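Below is one structure, written out as structure tokens; the observations come after it.
The values are calculated or read from the model by the stated rules, or taken from the named source; none is laboratory data. On a predicted model such as this, the values are computed, not experimentally measured, just so you know. Note that we place each Cβ from the backbone using ideal geometry, even for glycine, and neighbour counts take in every protein chain shown. Protein only, heavy atoms only, side chains kept; ligands, DNA and RNA dropped before computing areas. Shrake-Rupley method; radii C 1.70, N 1.55, O 1.52, S 1.80 Å.
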Amino acid sequence: MPNFTEIEKEALILNAVWDMVNGMVNFRTFVRLTKTEETNLMFTTSTDRELFNILLTDFLSQPQKHKGAVPFGLPTPAVGCRDSDRTYLFYLRHVCNNPILGKDCSGLLRVVEEFAMWLEGHSIVEKVWLSDIDCELDMKIQRMVYIKICGNICKHNLARLEDNVHKLIKIMADNGRHINETEGYLMLPNFQEWFNENIFIAHSSVIAEMLNNLRWAIYEFLQPEFERTYTWLGEPVMYKFDVPAEIKHPLARAQYWELMNRMRSAPYFPQFTVSKYLRKVY
């Protein structure tokens with residue numbers, strides 16, 4: 001597949017991120033809000049919590065490469081880049097560095113950096129009890145790292161968790177406890193119980209707020225383009241979009257069309273803020 005032009009990449013990135021957020025922050029996954037300020041989101045079921053974690057792990061990973069190349073000619077993060085550049089936030093930064101479909105990306109960039117700073121920060125969890133290796137310790141761990149390990153445990157069986165086990169071995173060493181590979185595998189259920197069923201639930205409302213803010217920021221960023229491109233043709237529901245001439249690839253045109261269709265109404269999940277307490281926990 002040929003590389004996309006910059007405007008085609010922008011349409012692809014924005015539509016992909018919007019789609020991923022729709023899959024995570026919705027009223028199937030979360031119970032409907034009773035208020036939108038100082039609130040707390042609740043998962044509908046434990047299965048929804050695990051699916052949210054899995055989808056978030058995909059968002060916090062790079063697009064799948066084929067033969068060493070990122071699809072559609074998307075850029076590759078530099079060696080030694082910040083940790084959040086190995087997520088889809090990197091591609092939103094790429095849009096903000098040279099916006100084409102919109103001009104004012106300040107709101108989008110602010111939300112991207114707020115989320116990135118939170119993900120790159122660390123949680124300190126006291127008295128983590130890992131019964132299967134007879135160990136209790138205060139654990140310091142980067143938020144993005146624990147989220148991805150938990151998501152992979154939700155997604156994969158034991159035979160596909162070797163990389164995560166070695167990450168746990170390093171985390172334990174960084175926290176003053178040296179374990180071997182067998183102990184790394186043994187501690188997986190304990191780690192999942194502590195972090196997926198406890199810490200992740202405590203963080204989920206904050207994560208959902210920042211994901212939702214990304215969706216709303218994309219919507220606001222694209223308002224001028226939607227006003228330019230949209231033409232109402234009359235009843236029954238008939239309209240057209242004036243697709244920019246630089247968007248030529250059929251897949252890119254389809255992505256642009258889907259993106260503008262999303263713009264026909266505001267995001268269905270309202271903007272909300274979580275309680276100040278939840279922003280400080282862990």
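Of Lys9/Lys248; Lys65/Lys103; Lys140/Lys170; Lys148/Lys170; Lys140/Lys167; Lys35/Lys155, which pairs sit farther than 22 Å apart, going by alpha carbon to alpha carbon?
Among Lys9/Lys248; Lys65/Lys103; Lys140/Lys170; Lys148/Lys170; Lys140/Lys167; Lys35/Lys155, the Cα-Cα distance tops 22 Å for Lys65/Lys103; Lys35/Lys155.
Assuming a viscosity of 1.306 mPa s and a temperature of 10 °C, what translational diffusion coefficient in µm² per second does Stokes-Einstein assign to the chain, Rh being the Kirkwood radius over Cα pairs?
D = 77 µm²/s.
In whole percent, how big is the carbon plus sulfur part of the accessible area of the chain, probe 1.4 Å, protein atoms only?
52 percent
Could you tell me how many degrees, from 0 to 90 and to the nearest 10, lie between the Cα long axis of helix 6-24 and the main elongation axis, the longest principal axis, of the Cα atoms of the chain?
Long axis of 6-24 versus the principal axis of the chain: about 50 degrees.
Which whole-Hz ³J(HN,Hα) couplings does the range 205-222 yield from phi under the Karplus relation 6.51 cos²θ - 1.76 cosθ + 1.60, θ = phi - 60°, glycine and proline marked x?
For the range 205-222, the Karplus-derived couplings read 5, 5, 4, 4, 4, 5, 5, 5, 5, 4, 4, 5, 5, 5, 4, 5, 4, 8 Hz, x marking Gly and Pro.
Using the alpha-carbon centroid of each, what span in Å lies between the range 14-48 and the range 176-243?
Each part reduced to its Cα centre gives a spacing of 9 Å.
Where Rh is the Kirkwood radius over the Cα pairs of the range 98-159, the temperature 4 °C and the viscosity 1.567 mPa s, what D in µm²/s does Stokes-Einstein return?
Value of D from the Cα-based Kirkwood radius: 87 µm²/s.
More than 27 angstrom separation, counting every C-alpha pair in the range 1-136; what % is that?
When every Cα pair of the range 1-136 is considered, 35 percent fall beyond 27 Å.
Suppose all protein chains stay in the model; what accessible area per residue would a 1.4 Å probe give for the chain, in Å²?
Dividing the accessible area of the chain by its residue count gives 49 Å².
Where Lys and Arg each count +1 and Asp and Glu each count -1, what net charge lies around Glu197 among other residues with Cβ under 15 Å from its Cβ?
Net of charged neighbours comes to -2.
When the gyration tensor of the range 167-282 is built from Cα positions, what are the square roots of 5 times its three eigenvalues, in whole Å, from largest to smallest?
Computed over the range 167-282, the values are 46, 20, 12 Å.
Whole-Hz ³J(HN,Hα) for each residue in the range 248-263, computed from phi via Karplus 6.51 cos²θ - 1.76 cosθ + 1.60 with θ = phi - 60°, x for glycine and proline: what do you get?
10, 5, x, 5, 5, 5, 5, 5, 4, 4, 5, 4, 5, 4, 4, 6
To the nearest 500 deg cm²/dmol, what mean residue ellipticity at 222 nm is calculated for the chain from DSSP H runs of n ≥ 4 alone, each contributing -39,500 (n - 2.57), summed and divided by the residues?
-15500 deg cm²/dmol
Using θ = phi - 60° and the Karplus form 6.51 cos²θ - 1.76 cosθ + 1.60, what ³J(HN,Hα) does each residue of the range 192-200 get, whole Hz, x for Gly and Pro?
Those phi angles translate into 5, 5, 5, 9, 7, 9, 9, 5, 5 Hz.
Name the long-range amide H neighbours of Thr39: under 5 Å, sequence gap of 5 or more, or other chain; modelled H, no Pro or chain starts.
It is Thr273, Val274, Ser275, by chain and number.
Could you tell me the relative contact order of the range 94-192? Use alpha-carbon pairs under 8 Å, at least six residues apart, and round to a whole percent.
Reported as a whole number, the value is 23 percent.
Can you list residues from other chains, or at least 5 along the same chain, whose modelled amide H is less than 5 Å from the amide H of Ser61?
It is Tyr88, by chain and number.
Report the accessible area of Asp174, computed with a 1.4 Å probe over the heavy atoms of all protein chains in place, in Å² rounded to the nearest 10.
Surface accessible to solvent at Asp174 totals approximately 110 Å².
Please list, in chain and number order, the residues 5+ apart from Tyr239 or on another chain whose amide H is under 5 Å from its amide H, with Hs placed from the backbone.
Those qualifying (amide H under 5 Å, at least 5 residues apart or on another chain) are Leu233.
Loop only per DSSP, at most 16 neighbouring Cβ atoms within 10 Å: give me the trypsin sites (Lys or Arg not before Pro) in the range 188-267, ordered by residue number.
Of the trypsin sites (Lys or Arg not before Pro), the ones in loops of the range 188-267 whose Cβ has at most 16 other Cβ atoms within 10 Å are Lys248, Arg264.
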